[in-house]
Amino acid sequence: MMNDYLLALDFGGTKLSAAVLPVSELQKETPTWLAHDRAYLRKGKDAQFEIKKMIKLGRKLLDGKRPLSVGVSFGGPVNYEKGLVLLSDHVPGWENTPLQAILTEEFAAPVRVDNDANVAALGEWRFGAGRGYDSLFYVTVSTGVGGGWVLNGRCWRGHEGMAGEIGHVVVEPNGPFCFCGKQGCVERLASGPYMAQDFLERGGEFISGPVTGEVIAGLASAGDALAWGILQRGGKALGLALGETANLLNPQAFILGGGVTKSGWLWWESVEKGAKLRAREQVHFEIIPAAFTDDAPLWGAVALVEDLKDEG
Ligand SMILES: [Zn+2]
């Protein structure tokens, strides 16, 4: 139908993104947005501000059209069944917000809301590096480490929506303390901010400017032994957890996205090595880079609601 459009919304930690996709694009090999825009968020704003700003952004992109359905990715825990945002680690006022109901009323269309890791997993599976796979685990490695499952071609959320929490799987029981209270979690060893912290604590203070995961990766590829050791340890930590995950659920592929995955082949090699150390010899899988850098949640939001048009 000529006038059928899907609206995709992504509430990220630092920005809001929105896009409109004509339904006819879903049949194509490489679908293209009709309109796409983002708004960066300044600190000190609350949930009400973000919701208003997102609605405005969506309305602008729709340009008077009514969407067939609205898919929403949210950067924080979500109760998918009830369409509730449980909280945000970045922005105050999100506690138990009925985002699905608010947006249904606003856009007069069916709405689905899920957390960004699940939605990004769906996006990579339907439109990106996961196309053609029946089972995959998507992991984002950036300021945090999170994961989402697609099993038998469907998102697997777990009974409370908590599936995929690979960031706080312990791989070094005597390792450094994580903010979650445990020691040696994947996130504690492999996330950008924690790698930067380790670098500074071990005497990397000669760096000018803020030390980030990218800075560590840059130093490592330039031959800095300390930076390389930290990056290698992080990659291996993630790999160990992937290997154990492979043993438990035997997915076809692990798809890795997020800033830290841009750290170069040394990092990828460490991940592979860690995974091989823990996975049984008979357990086979691929570890591949995500196709999308920024837009996986938006494409996943489309995948979340593309079949809703059948609801009438
Ligand atoms: Zn932890």
So, with +1 on the Cβ of K and R and -1 on the Cβ of D and E, and no other charges, what is the size of the charge dipole of segment 163-250 about its Cα centre, to the nearest 20 debye? 140 debye
Within the chain, what is the longest stretch that has no chymotrypsin sites (Phe, Trp or Tyr not before Pro) placed in a DSSP loop and near at most 15 other beta-carbon atoms within 10 Å? 1-178
Round to the nearest 10 and give me the degree value, 0 to 90, for the angle of helix 116-127's Cα axis relative to the longest principal axis of the chain. 80 degrees
What would the Debye formula give as log10 I(q)/I(0) at q = 0.16, 0.20, 0.22 Å⁻¹ for the alpha-carbon point model of segment 225-312, no solvent? -0.71, -0.93, -1.02
Comparing LYS60, LYS276, LYS262 in a Gaussian network model of the chain (Cα, 10 Å), the one with the largest mean-square fluctuation is LYS60
Of all DSSP beta bridges with both partners in the chain, the antiparallel percent, nearest 5, is 55 percent
Rank VAL78, VAL215, VAL113 by mean-square fluctuation in a GNM of the chain with C-alpha springs under 10 angstrom and give only the top-ranked residue. VAL215
Taking the alpha carbon gyration tensor of the chain, what are the square roots of 5 times its eigenvalues, largest first, to the nearest whole Å? 34, 22, 18
Principal-axis tilt of helix 265-278 within the chain, Cα atoms, nearest 10 degrees: 80 degrees
Based solely on its DSSP helices, what 222 nm [θ] is calculated for the chain when runs of n ≥ 4 H residues each add -39,500 (n - 2.57) and the sum is averaged over all residues, nearest 500 deg cm²/dmol? -11000 deg cm²/dmol
So which trypsin sites (Lys or Arg not before Pro) in segment 83-163 are both in a DSSP loop and have at most 12 other Cβ atoms within 10 Å of their Cβ? ARG131
Return the loop-located GluC sites (Glu not before Pro) in segment 125-227 (DSSP other than H, G, I, E, B) with at most 11 other Cβ atoms within 10 Å of their own Cβ; answer none if there are none. GLU160, GLU205
Let me know the charge dipole size of the chain about its Cα centre in debye, to the nearest 20, where only the beta-carbon of Lys, Arg (+1) and Asp, Glu (-1) is charged. 340 debye
Going from the fewest other Cβ atoms within 10 Å to the most, one would list HIS159, HIS168, HIS36 as HIS159, HIS36, HIS168
Reference-scaled alpha-carbon Rg (2.2 N^0.38 Å with N residues) for segment 52-128: 1.12
So for CYS185, CYS180, fewest C-beta neighbours within 10 Å to most, what's the order? CYS180, CYS185
Could you work out which residue, out of ASP63, ASP37, ASP294, moves most in a Gaussian network model of the chain, that is, has the largest mean-square fluctuation with Cα springs under 10 Å? ASP63
Cross-link partners of LYS45 among lysines (Cα-Cα below 27 Å; sequence separation of 8 or more within a chain): LYS15, LYS53, LYS56, LYS60, LYS82
So what are the radius of gyration and Dmax for the Cα set of segment 4-55, in Å? 13.3, 42
Greater than 28 Å apart at Cα, pairs in LYS43/LYS236; LYS182/LYS273; LYS28/LYS236; LYS28/LYS65: LYS43/LYS236; LYS28/LYS236
Hey, what angle do you get for helix 192-201 against the long axis of the chain, alpha-carbon based, 0 to 90 degrees rounded to 10? 30 degrees
Can you find, among TYR40, ALA303, LEU200, the residue farthest towards the positive end of the dipole of the chain? Put +1 on the C-beta of Lys and Arg, -1 on that of Asp and Glu. TYR40
Checked against the positive end of the charge dipole of the chain (+1 on Cβ of Lys and Arg, -1 on Cβ of Asp and Glu, about the Cα centre), the farthest of ALA117, THR293, ILE51 is ILE51
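A short reminder: the numbers here are calculations on the coordinates, not readings from a lab. This structure is a prediction, so every number in the text was calculated from the model and none was measured. Neighbour counts are summed over all protein chains in view; Cβ atoms, including those assigned to glycine, are modelled from backbone coordinates with ideal geometry.
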